[in-house]
Amino acid sequence: MKRPGRVRVLALSALAALLGAAAAPATVRVQGSTTVNPVVVEAAAALTRETGIRILVDTAGGSSGGIAALADGRAEVAMSSRPVSADDRKRYPRTRFEPVAIGVDALALVVSRDLWEGGVRSLDREAAAALYEGRVSNWRQLGGPDRRVVFFNKEPGRGTWEVFAGWLYGDAAAAPLVSLPEVGSNEEARSKVASTPGAITQLSAAWADGQRVFALALRGAGGAPISPDAEAVAAGRYPLARRLWLITDGPARGEAARLLEFVLGPRGQELVRRHGYLPLAAGGAREAP
Amino acid sequence: MRGRRDPLLWWSGAATLLAAGFGLSMLALFAVESLPVWRQEGLGFLAGSRWFYRGGEFGALPMIYGTVAAAAVALAVAAPLGLGAALFTAEVLPASWRMAVKLPVELLAGVPSVVYGLLGLLLLRDWVYRLLRPFDPLSGDTLLTAGLLLAVMILPTVMTLADDALRGVPASQRRAARGLGLTGAEAAWGVSLPRALPGLAAALLLGLGRALGETIAVFLVVGRQDNQLPERLLSLAPLARPGQTLTSKLGGAETFIAWGDPLHWGAICGLGLVLLALVVGLTLWSGRLLEARAGRA
Amino acid sequence: MRRALDRGFRVATAVCAAGALVTLATIAGAILWRGLPALDWGFLVEATGERLGTGGVRYQTLGTLLLVVTALAVSAPVAVGLALAQTVYLPRGTARRRLRLGLYALNGVPSILFGVFGLIVFVRLFGWGKSWLAGGLVLGVMIVPTLTVALVERIEALPRKYLAAAAGLGLTRGQVVRSVVLPQSRGGLISGALLGLARAAGETAPILFTAAVFAGATLPEGIRESPVLALPYHVFVLAQDSFDPAAGSQLWGAAFVLLGLVFAASLLALPARLASAEEARHG
């Protein structure tokens, strides 16, 4: 009578597996921006090492992907390099977005080496819009070398793109519809610009190394060009400074709260600084609802 | 003895139903999830030449074009090269060398697409940029780059299947042809090739199917620029420009963010449905062709 | 004239073969050249470091192995059933043709569509979130045709004399299958499984939406919310950052480990496949 016995054991173990599966382990799922990612990955690793909390980090979809995952219940924390917008709240009405700023970053227009050495060092807002809309197709028109403009556009879902579009057109939703070659992550943007002559993209200034890709200074209306260095950003003179966010659905609870706590604490802020962003002056800054 | 039920028959039947059920459910799922876009645009979705998700415009034509163009380039390069190489290994090469050639080719057929994508990024992109210099390209991310990368990916498959097909022609027929005084080339052309035609067609169609459905490698090098269509019907100009394929769009960020908007998600699934229909349709059609031919042979 | 054509034919096809082989050799060479320096035993067994580009690929490798084993466990029973249907149980003619076409069609489905299917059904509908099981299931379905075809080839290559002898002894169909067909075709299942393993290990698109994350996962606990790290996804993400040399060395190391896995599986499958071909010719 061995066979019935074996079947019973198999059935019981299958049942046990299913029951075990019903109780998901306590995990913090973090998803979103590739700008915020390096800080969070290191913070998560340190936190896991010290407390054993499981923290899963992924960057698929960028800032909008993170916000979508948060709203969808697929993540506890969203990383975003742009604030939560009215459009987000309309799209996901059931989600109570609670953004917490963890640092400040300078968004820059970043160009390839041949352009930098060819004299392209700064842009004003009109020139940036002209480049984006394709009205300027050769760098010669802007006083640079005779070379086609290759604008690698950050995908519209990316936080970097939204901040850039907001700067050019007041509101990202008002940005004209253009078709440009697209890049997703910060890593990809940087790689493509570094390897393509005449290239420009939107990218966090901290990611420009000054050897292969270069961050341009931005000119205000008739004003002097302002480079995106820490001092100008801290003093508020650089026009495209933006805060970096960790967002939860409702106030952060449990392990997610511990992650936020860590990032906002001295060690987390040191990580922020080490990755080239600006730490917050004091504590966290909550966005007005 | 006849009364005994055969449990394996039930198992076999269950497996067949499971497989068939899966196939149908995949088709049904994409059809159902994409309903919003069909309701909104009808068949205009397929002919629409503008895709701006922020503006609620969804047209699949540029991506269908990109998919077909890249695959066409792939086949145009891999077919002659692969068939020629297979003719060499099956008809000219002495049998003792066969393993030495077949083994590396079969191994390379198994190389993951992400590795091909990586090599495409690092090597092919620059090469294509230099090649296209006279045409003043934007960068090395073009439909041509994607097509060439696909060609390299399907080359081992085409070679190996074509070689199998040619080898399938019985040696006796080749010997008879040679015995009649035909040269090697004539025997190959007149005897082996016609008889191996179904298998050769299968090799090409299988390669084509893979080229149409490949995502990761294409995603990395195609440029991902929407709304790229040729100005004139048979113009080759878009090959030198960045483009977008059905697979590169599906593998991109929009699939992650589209869920909140039913129309956007419907459009994404609509792309999936089109891709599914395209590849499965091609596969079934080629299968029917081969069955018919085999029936006649 | 005819001799000239013949020579031309030889030369032309030799050129094609050379061109093809050179292309493929370049690829192999590029992989070796970049990958070997990054590789040492520590790389395989270390976990990825906290700083980008440091450490090894321990959990990526384990994750890939888990996904692949799951995929095989899922697809093997189905493949056996389908193979038996194709060779024994379905009536000859239309039914078998339809099954073969269906397998052909399933084999051609782009892998990204399996990924989206898994996203809709497992991640969202079943509420599993990203899960190793979701990845394993979609990979399993994807490789069913690979296993089935290998098994069918093996069964069809079985010498007629075995089946004739079994029938002569008065065995029922079921008994013939159980005592002759299945045991004799084990090699086909193994070679099919190895080929399926090679294919499943290298696929990125199906696990992109269903099972893989880039950081933080080690070994899964339970089914829900249990993603894994995986070699192809790791390579995919790092590939987009060809700028950072630190990432570069880890990138190539990971690609190399993946290739090693795939090649090992393909090579192991080879003897069994050659044996089938031989038996088919002589049996």
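Observations
- If you check B:Gly13, B:Gly23, B:Gly48 for being farther than 30 Å from C:Ala167 by Cβ and either β-branched (Val, Ile, Thr) or more than 7 Å from chain C (Cβ to nearest Cβ) (or both), only one passes: B:Gly48.
- For region B:256-275, the tally of residues that are open to solvent by 10 Å² or more (accessible area, probe 1.4 Å) and either out of contact with any helix residue (DSSP H, G or I) (no Cβ under 9 Å at 6 or more places or on another chain) or away from chain A (no Cβ under 14 Å) (or both) stands at 2.
- Candidates B:Ala202, B:Ala237 - the one that is within 23 Å of B:Asp136 (Cβ to Cβ) and among the hydrophobic types (A, V, I, L, M, F, W, C): B:Ala237
- Residue in region C:71-91 that is surrounded by 15 or more Cβ atoms within 10 Å (Cβ to Cβ) and under 30 Å from A:Glu42 (Cα atoms) present: no
- Residues of region C:253-267 satisfying the condition of being within 12 Å of the chain's Cα centre (by Cα), open to solvent by 10 Å² or more (accessible area, probe 1.4 Å) and more than 7 Å from chain B (Cβ to nearest Cβ): C:Leu261, C:Ala264
- Scanning region A:120-131 turns up no residue that is modelled with pLDDT under 95, open to solvent by 20 Å² or more (accessible area, probe 1.4 Å) and under 27 Å from B:Pro134 (Cβ atoms).
- Count of residues meeting criterion [touching a strand residue (DSSP E or B) at 6+ places or on another chain (Cβ under 8 Å), among the aromatic types (Phe, Trp, Tyr) and surrounded by 23 or more Cβ atoms within 10 Å (Cβ to Cβ)] in region C:206-252: 1
- Once region B:120-139 is narrowed to residues that are touching a residue at least 12 places away in the same chain (Cβ under 8 Å) and closer than 30 Å to C:Leu197 by Cβ, the residue that is surrounded by the most Cβ atoms within 10 Å (Cβ to Cβ) is B:Gly120.
- Residues located in region B:30-59, provided they are in contact (Cβ under 8 Å) with a residue 12 or more places away in the chain, within 16 Å of C:Ile120 (Cβ to Cβ) and either of a type outside the set (D, E, K, R) or out of contact with any Leu (no Cβ under 9 Å at 6 or more places or on another chain) (or both): B:Phe30, B:Ala31, B:Ser34, B:Leu35, B:Pro36, B:Val37
- Taking region C:205-283 and the helices (runs of 4 or more DSSP H) fully enclosed by it, the elements with 2 or more residues that are modelled with pLDDT of 80 or more and among the aromatic types (Phe, Trp, Tyr) are at C:231-239, C:245-282.
- Close pairs (8 angstrom Cβ cut-off, 6 or more residues apart or separate chains): under 28 Å from C:Arg173 (Cβ atoms) and free of Cβ contacts under 8 Å to residues at least 12 places away in the same chain in region C:89-114, of a type in the set (Gly, Ala, Ser) and open to solvent by 40 Å² or more (accessible area, probe 1.4 Å) anywhere: C:Gly102/B:Ala20
- Restricting region A:54-72 to residues that are in contact (Cβ under 8 Å) with a residue 40 or more places away in the chain, open to solvent by 10 Å² or more (accessible area, probe 1.4 Å) and among the small types (Gly, Ala, Ser), the residue that is farthest from the other protein chains (Cβ to nearest Cβ) is A:Ala71.
- Qualifying helices (runs of 4 or more DSSP H) (wholly inside region B:179-297; at least 3 residues being closer than 20 Å to B:Ala78 by Cβ and of a type in the set (Gly, Ala, Ser)): B:193-213
- Verdict on B:Gly120 being closer than 20 Å to C:Ala28 by Cβ, within 11 Å of another protein chain (Cβ to nearest Cβ) and either among the small types (Gly, Ala, Ser) or not in a helix (DSSP H, G or I) (or both): yes
- Subset of region B:26-42 (residues that are open to solvent by less than 50 Å² (accessible area, probe 1.4 Å) and within 10 Å of chain C (Cβ to nearest Cβ)): B:Met26, B:Leu29, B:Phe30, B:Glu33
- Residue check for C:Val149: assigned to a helix (DSSP H, G or I), open to solvent by 30 Å² or more (accessible area, probe 1.4 Å), more than 10 Å from chain B (Cβ to nearest Cβ) and under 30 Å from C:Ala211 (Cα atoms): yes
- Flag if C:Gly29 is open to solvent by 20 Å² or more (accessible area, probe 1.4 Å), more than 8 Å from chain B (Cβ to nearest Cβ) and not hydrophobic (A, V, I, L, M, F, W, C): yes
- Residue among C:Phe43, C:Phe9 that is at the interface with another protein chain (Cβ under 7 Å from one of its Cβ atoms), of a type outside the set (A, V, I, L, M) and open to solvent by less than 50 Å² (accessible area, probe 1.4 Å): C:Phe9
- Verdict on C:Ala73 being at the interface with another protein chain (Cβ under 10 Å from one of its Cβ atoms) and among the hydrophobic types (A, V, I, L, M, F, W, C): no
- Search result, residues across region B:76-99 that are touching a residue at least 24 places away in the same chain (Cβ under 8 Å) and either open to solvent by less than 40 Å² (accessible area, probe 1.4 Å) or at the interface with chain C (Cβ under 8 Å from one of its Cβ atoms) (or both): B:Ala78, B:Ala79, B:Leu81, B:Gly82, B:Leu83, B:Ala85, B:Ala86, B:Leu87, B:Thr89, B:Ala90, B:Glu91, B:Val92
- Residues in region C:109-140 that are outside any helix (DSSP H, G or I) and more than 8 Å from chain B (Cβ to nearest Cβ): C:Phe126, C:Gly127, C:Trp128, C:Gly129, C:Lys130, C:Ser131.
- Region B:158-178, subset part of a helix (DSSP H, G or I) and open to solvent by less than 30 Å² (accessible area, probe 1.4 Å), residue farthest from B:Val68 (Cα to Cα): B:Ala177
- Residues considered: B:Ala237, B:Ala253. Of these, the only one that is more than 9 Å from every other protein chain (Cβ to nearest Cβ) and at negative phi is B:Ala237.
- Of all residues in region A:90-102, exactly one satisfies the criterion of being farther than 22 Å from C:Arg124 by Cβ and either open to solvent by 20 Å² or more (accessible area, probe 1.4 Å) or within 12 Å of chain B (Cβ to nearest Cβ) (or both), namely A:Glu98.
- Consider region C:92-108 and keep the residues that are charged (D, E, K, R) and more than 7 Å from chain B (Cβ to nearest Cβ). The one that is least open to solvent (accessible area, probe 1.4 Å) is C:Arg96.
- Residue under evaluation B:Leu61, criteria (1) touching a Ser or Thr at 6+ places or on another chain (Cβ under 9 Å); (2) open to solvent by less than 40 Å² (accessible area, probe 1.4 Å); (3) more than 7 Å from chain C (Cβ to nearest Cβ), criterion not met: (2)
The values are calculated or read from the model by the stated rules, or taken from the named source; none is laboratory data. Values in this document were obtained by computation on a predicted structure and should not be read as measured data. Glycine also receives a Cβ, built like all others from the backbone with ideal geometry; neighbour counts cover every protein chain displayed. Ligands, DNA and RNA are excluded from the accessible area calculation, which covers all protein heavy atoms including side chains. Shrake-Rupley method; radii C 1.70, N 1.55, O 1.52, S 1.80 Å.
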